[in-house]
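Right, one structure below, let's go through it.
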Amino acid sequence: VTIAELARLLKCSPRRIETVLIDLGEPPASLEETVSADVIELCAVELGVDVEVVDDESPSATSADGTPLELPRRAVVAVMGHVDHGKTTLLDRLRSANVADGEAGGITQARSISYWSPYDRHLGAFVVKCGGGGELTFLDTPGHAAFSAMRRRGASVTDVAVLVCAADDGVMPQTREAAAHILAANCKFVVAITKCDRDGADPSRVRDELHAMGIALESHGGDVQCVEVSAMTGQGMEDLEMALFLEAESLNLTARRDCEGVGVILEARLDKGHGAVVTGLLRRGVVGIGEHVVAGTHYGRVRRLIGDGGVDVESCGPSEPFEITGLRGVPSAGDSVMVVATEERARRVATARADRIETARLAALSVGDDRQFIDDDADARAAESVNSDLCAIVKADVQGTAEAVRDSLLGLGTSSVGVKVVYVGVGAVSESDVALAAAIGGPILAFNVQVSNVVEKAAKDAGVVIVNRKVIYHLLDAVGELLGGLGAFSSRWFPYDREVLGEAEVRQVFDLSGRRGNKANMVAGCVVNSGSFSAVEKFRLLRDGEPVHEGLLDAQSIRRHRLEVTTVGKGTECGVSLADHADVKPGDVIQCVHFVKRKAVVEKVATGGARVVERQPR
């Protein structure tokens, strides 16, 4: 965009734009000079305007000599579907590498973009050379329900998608969700019915279920290609490649390489010894060694650039998965990444983004406080209620996984027991994490990260629970147990259950009111028929099976052979004097009642874990 066009879009004078450029040390030569995406963002910050920079989808531009500036690029293909429907095995077949066997629980759970990364071994994005001589960049998105944000992110950077559905399982919840993300992203897609070699496979049923979802398959008169495949035997793999190529060719994909690189972060993590490691995918332009980049609210200089096959490269272009080190912090997955001219410009863009996010966060907190004050005034009972929350710290190996774990945990909270994620971090659990967990009185939920012996000892000394799992199902189940053990209920319900410790039958009643020095007026001579009696518990008097007295009674004393005792057992004769109650008759039954804290009622969640359900008092 030119300076004059930008001034018109921002509704300001071109002089304001020129001032920003001069401040950056790049005075413009004319109003027709083009400005980069980072300058647009800085100009918007100066004017207090929120902008979103999008790629220009106009016809391909040409240089002065007629050479096209936009060159063909490979298509980006995302494989999406339900958990354990064969996505990783399908990619394993395409890439001829064994990936699925090395994943925890046999489930793709988290990915830094590069399977080939020397720092980590997560699966995410890679280039596949297909039999037709072309190349495709594949993204593998996890199928577990917790990773909805990662599926949405995969669909947003995708040109062509593969919707995977197992022939022996049919359409499942994450199949529907993946289809919704694909349709929302408005990208081409091909349906792959997997596991067609298994017993019980019924591709016709899957087609009918997909058609019922509103997906117009070619077999039902639509335009969506559907291929039956088996990654184990290789059945239909060539047909799938051909279908993907046809969809990619129809898009006529191109991208400019003579401009600053702009793309998206697919994953980010903190690596010991290498700092922030960012993996991503460029939509246009080129990123190279030594260039300054801005990723989300962080910036830095590219120290190392790793390309396809785990090889160090000098530069990466559009649709090429890359991994870089050199950033000063760990950005969030899904943030934009772009190359800028100078370090000063990178710093200003990152600072402006961070300030804008912090302002929005503080504004949201202010609105929440006002709403809470109004609600408390409107409902006094709500102010009296006592809700207990599970405050937790989340640590994961990569940023996308940390976000997914956090979102899943928040989904387990209820009005009875809420869940608050105080901090979300990337990397191994540290002693500072233990100190923070001790301060908030909550556990550390670690996913696929290391916990050293020093940290374990510090946690034990501080009384901090560390839950470390490698499969998200197991982590959520462990959190469900913590929530069930917490068992907090609103104060308007009595949070205890009554448990009868023992029963005794009254054989004779003695009136001791005339005796000197005797505090008890009426003493019931009893025989304990079951259980035991304790003087520190509560008592209930029954006559013909019905309570004689509203509420429970205290025992002034329990005596045996004129000696005051604290407990008596089954078959024992004793004298029981009940405080403030004289209406005791032979044949009555006295129960000794013990109160136990009511256990929380939990319900299992289909996607893993459990949530506490508030129940009515008995």
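The values are calculated or read from the model by the stated rules, or taken from the named source; none is laboratory data. Worth saying up front: this structure is predicted, and the values here are computed from it rather than measured. Because the Cβ atoms are built from the backbone with ideal geometry, glycine has one as well, and the counts that use them run over all protein chains shown. Side chains are part of the model used for accessible areas, which takes the heavy atoms of the whole protein and leaves out ligands, DNA and RNA. Shrake-Rupley method; radii C 1.70, N 1.55, O 1.52, S 1.80 Å.
Worth a mention:
- One residue stands out in the stretch 177-232 among those that are among the hydroxyl-bearing types (Ser, Thr, Tyr) and surrounded by fewer than 21 Cβ atoms within 10 Å (Cβ to Cβ): the one that is modelled with the lowest pLDDT, namely Ser219.
So that you can scan it fast, the table gives a plain yes or no per residue for (1) at pLDDT below 80; (2) in the same structural domain as Val286 (by the TED database); (3) surrounded by fewer than 18 Cβ atoms within 10 Å (Cβ to Cβ); (4) closer than 30 Å to Val1 by Cα:
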residue	(1), (2), (3), (4)
Ser58	yes, no, yes, yes
Ser63	yes, no, yes, yes
Thr67	yes, no, yes, yes
Ala78	no, no, no, no
Gly81	no, no, no, no
Lys87	no, no, no, no
Leu90	no, no, no, no
Arg95	yes, no, yes, no
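- Close Cβ contacts (under 6 Å, 6 or more residues apart or on different chains) running from residues in the stretch 426-439 that are in a loop (DSSP other than H, G, I, E, B) to residues that are aliphatic (A, V, I, L, M) and open to solvent by less than 40 Å² (accessible area, probe 1.4 Å) comprise Ala428/Val449; Val429/Ile444; Val429/Ala446; Val429/Val451; Val429/Val455.
- The one condition in (1) open to solvent by less than 50 Å² (accessible area, probe 1.4 Å); (2) under 27 Å from Tyr423 (Cα atoms); (3) basic (Lys, Arg) that Lys272 fails to fulfil: (1)
- Looking at the stretch 272-338, the strands (runs of 3 or more DSSP E) lying wholly inside it that each contain 1 or more residues that are modelled with pLDDT of 85 or more, more than 28 Å from the chain's Cα centre (by Cα) and farther than 25 Å from Leu71 by Cα sit at 298-306.
- Those residues of the stretch 312-362 which are closer than 12 Å to Leu282 by Cβ and open to solvent by less than 40 Å² (accessible area, probe 1.4 Å), in sequence order: Cys316, Gly317, Pro318, Ser319, Pro321, Phe322, Ile324, Val337, Met338, Val339
- Within the option set Glu209, Glu267, Glu241, being outside any helix (DSSP H, G or I), under 26 Å from Cys165 (Cα atoms) and not hydrophobic (A, V, I, L, M, F, W, C) holds for one residue only, Glu267.
- Of the criteria (1) in contact with a helix residue (DSSP H, G or I) (Cβ under 9 Å, 6 or more places away or on another chain); (2) in a loop (DSSP other than H, G, I, E, B), which one Asp199 fails: (1)
- Residue check, Asp101 exposed (fewer than 11 other Cβ atoms within 10 Å of the Cβ), assigned to a loop (DSSP other than H, G, I, E, B) and modelled with pLDDT under 75: no
- Hits in the stretch 435-446 (condition: within 17 Å of Asp397 (Cα to Cα) and either at pLDDT below 90 or out of contact with any Lys or Arg (no Cβ under 7 Å at 6 or more places or on another chain) (or both)): Leu445
- Within the option set Val584, Val593, being among the aliphatic types (A, V, I, L, M), in contact (Cβ under 8 Å) with a residue 24 or more places away in the chain and surrounded by fewer than 18 Cβ atoms within 10 Å (Cβ to Cβ) holds for one residue only, Val593.
- Residue tally, condition more than 17 Å from Asn468 (Cα to Cα), modelled with pLDDT of 80 or more and either charged (D, E, K, R) or open to solvent by less than 10 Å² (accessible area, probe 1.4 Å) (or both), over the stretch 379-415: 2
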